[in-house]
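Here the structure comes first, spelled out in structure tokens, and everything after it is commentary.
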Amino acid sequence: MGIDDALGDEILAWTDIFQKYLVEEYEDFDRRPRWAPDISAFDWYDEGRRIVSQLRAKFPDVQVLAQFGKYVLSVNEMRENVGRLPISMPGECRTGYIGIRDFVGQNSHR
């Protein structure tokens, strides 16, 4: 595939940290995934971004997507980071949020 041993080892070490230290993912929109207390999820995220940058530089004709933010940030934090309204559950009237029913209705025809 063209990935040298050093970069391959970095990718394996990065995924090993994920496997060992991600404790729990949540089904709601507001809570961040939980990591073991002796690891920084943000350092893991930064390392992933660095690896993605190396892969993009090495393979400029390949679309390399960094889709691991959901293992560090909540759904609503990720939505707000790209300028979208956070989502609220049915029955929650929260100013500045879009209700889940409205969200589903807007996205059901895509």
(request) Taking only the stretch 89-110 into account, find how many residues are assigned to a loop (DSSP other than H, G, I, E, B) and either assigned by TED's automatic domain parsing to the domain that holds Phe29 or under 17 Å from Asp30 (Cβ atoms) (or both). (result) 9
(request) Please give the number of the condition Ala41 fails out of (1) surrounded by 13 or more Cβ atoms within 10 Å (Cβ to Cβ); (2) small (Gly, Ala, Ser); (3) over 13 Å from the mean Cα position of the chain (by Cα); (4) in the same structural domain as Ala13 (by TED's automatic domain parsing). (result) (3)
(request) Could you check Arg31 against (1) in a loop (DSSP other than H, G, I, E, B); (2) at pLDDT 95 or above; (3) surrounded by 12 or more Cβ atoms within 10 Å (Cβ to Cβ) and say which number it fails? (result) (2)
(message) If I go through the stretch 40-63 residue by residue, how many of them are within 30 Å of Ser88 (Cα to Cα) and of a type outside the set (Lys, Arg)?
(response) 8
(request) Take the stretch 4-25 and flag every residue that is without any contact (Cβ under 8 Å) to a residue 12 or more places away in the chain and outside any helix (DSSP H, G or I). (result) Asp4, Glu24
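The values are calculated or read from the model by the stated rules, or taken from the named source; none is laboratory data. It should be emphasised that the depicted structure is a prediction, and the values quoted were computed from it without experimental measurement. For neighbour counting, all protein chains shown are included, and Cβ atoms are generated from backbone atoms with ideal geometry for every residue, glycine included.
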